[in-house]
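Heads up: the structure comes next, in structure tokens.
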Ligand SMILES: Nc1ncnc2c1ncn2[C@@H]1O[C@H](COP(=O)(O)OP(=O)(O)OP(=O)(O)O)[C@@H](O)[C@H]1O
């Protein structure tokens, strides 16, 4: 007995290391005697641990421990296991604060002298003599744009690209165009305005001869990678084409025959077929649904197609889309051959294109342009925001860097995994705590995470955890002590939203519209919201998980600082991911470091900050989160799923970044904390290993092959809707990863 006693006194202190605890565990296993004797020893040990730990605690630590004890007492999960020696050790681990055993934060320069940022907006409308009218665009169209969209002066890229597209009207040739420019610089209008200008003038040229009606079929197809973007483009088109009737006879009808519509999946195909049969002249669509209709809807008329637009072209090229895109182009080539009637129609006005024109645009068109151009474009001209326009060959010689708007303030915060959740809360609190004329200012924030399950988890946590003790728990003394922290949740006066590819289309559309319209809110989302979405007045982007592809960094931060407006973006990285900052620098993306202590310090007053009182408050917040997560099996499952999907999504970083973002580098226990869990779920590999257990090599290979095939089949469905990291959908992916490891 004495021996055991010494053992405990030596090992279980607040500062005892993991090794020491492990050694205790192994020694306890060796306690001899019958079960009664063992039970006695264990009981004694538990008592001694508590006594000793209590004696060694400072006031602050005692407060923390008290909170934890209350939490544990309330939690059946913990209680069920209380008698096992294994949990005695785990319990000691729980006591360790989120501020201990964290990896060292790499030394970075926190001064403000790092490369100064040119704050002059780079994507704003330009203040010179150029105007939409001087580009030759139709007067009524320009007026309508001014009245309906408030657009008067072109942006830099618009003043470059629109005249190029317009110039082909009077030439005997048509050229394909690639447009690359910053996010929020107005690329949508670049391709829409010239098309509408032509259609209006065609209407004027050949009115009353019966050729123009919606039954002419689809004249323009605009392809977008997400349904939300398609819906957005349709709404811009509807504004632009809704031109009031003119008194002038020649212009009276203008574009009354132009029908706009979308086919985007997630809706009944039958109703889409019926609309296509009647005729949709400008069709906005996602690739999968378009291909489906091209293959299966006989009445879908594309023989007169004049324009093919690939919005966010590089994304359309990525995994799951490229094959679809090639099939689309092939079918369109076959179906748009010249016939006599078509020749007759096209000779009726000089505004008809001489041949089908293709336009590509994105903020991140780089090396993939050549590949894409190979099968979609003919002799294209490249127009860049910063470069002057040049032929494609020249463009391929240059290596274009990604560019983000000049006025965008970018920063990063190196946060140990255990501190992530409280740091996120502190940033949100800081952002919403800004006052103007005595009132809290409204803010819209987007928080990007890597997977759908993580969106669901954070959405639920930030929506409900603050109300938790009032709703679910009885008020204890500790709750009273924590009252201060309850107000921390309450201080976020914003509605919480979520958006990811796993939600039904109706809900997605509803959320997208509501967040668009509201002037305050926090949107947790996957990269489904990264591309092309024009959500007005977003003040800040938080990349809580770094993107798995550098391009997505540019698109994510591009949801703010649009059209010359100000904006902020902050990136969370783990200490092990610091090299990512060099990757950003190599692309001339300069972010300034922010100290995690500064952010957490904002949770308390200036004075308390100096005494590190914020550690107490932050630990308490974390405890609230954990208590919320563990209080109900559904919430625990949500957290576990989010944790597992996070790990899987982490494994999808591109090969060039694998040395930075490697699952092996993650401390799983610490990551679990960031999902409000006290330990890493042990079933992370179970999904795959249970499938493989007790199977011979041949069978294992068969299972992996099956998974491989099914993931390919699902590629389009899953990847194009950005639902990566969904717990179920990633099983196949994980099998793929496992195969790679086995092959290595
Ligand atoms: N010249 C302009 N003046 C004022 N507003 C404009 C102008 N051009 C476009 N806009 C508006 O700016 C917003 C952003 O435009 P758009 O979505 O086309 O940008 P983008 O370059 O395609 O961005 P992203 O790369 O993120 O897709 C839209 O609301 C659009 O109506």
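If I stretch the segment between residue 401 and residue 214 completely, what's the gain in nm (0.36 nm per residue apart, minus their alpha carbon distance), one decimal?
63.0 nm is the gain from fully extending residue 401 to residue 214.
Tell me, what is the Rg over Rh of the range 280-333, with Rh the Kirkwood radius over Cα pairs?
0.93
For a Förster distance of 56 Å, can you work out the FRET efficiency between the beta-carbons of residue 335 and residue 537, rounded to the nearest 0.05?
0.85
Using the beta-carbon distance between residue 343 and residue 292 and R0 = 30 Å, what value does 1/(1 + (r/R0)^6) give for FRET efficiency, to the nearest 0.05?
So the FRET efficiency works out to roughly 0.50.
For a protection proxy built on the mean count of beta-carbon atoms within 10 angstrom, sort 506-516, 657-667 highest first, please.
Ranked by mean Cβ neighbours within 10 Å, highest first: 506-516, 657-667.
For residue 411 and residue 322 in one chain, what is 0.36 nm times their gap in residues minus the Cα-Cα distance, to one decimal in nm? Before the final figure, lay out each step's value.
Numbers: separation 89, 0.36 × 89 = 32.04 nm, distance 3.40 nm.
The residue 411-residue 322 span can extend by a further 28.6 nm.
Compute the FRET efficiency between residue 119 and residue 514 as 1/(1 + (r/R0)^6), taking r as their Cβ-Cβ distance and R0 = 30 Å, and round to the nearest 0.05.
0.40
I want to make sure I understand the PRE zone here: with the label point 7 angstrom from the Cα of residue 246 toward its beta carbon, which residues in the range 179-205 have backbone N atoms less than 20 Å away?
192-205
Taken together, the values in this text are just the output of simple stated rules run on the coordinates, not laboratory data. Every value quoted in this text rests on a predicted model; they were computed, and no experiment measured them. Here the Cβ is made from the backbone with ideal geometry for all residues, glycine too, and neighbour counts use every protein chain on show.
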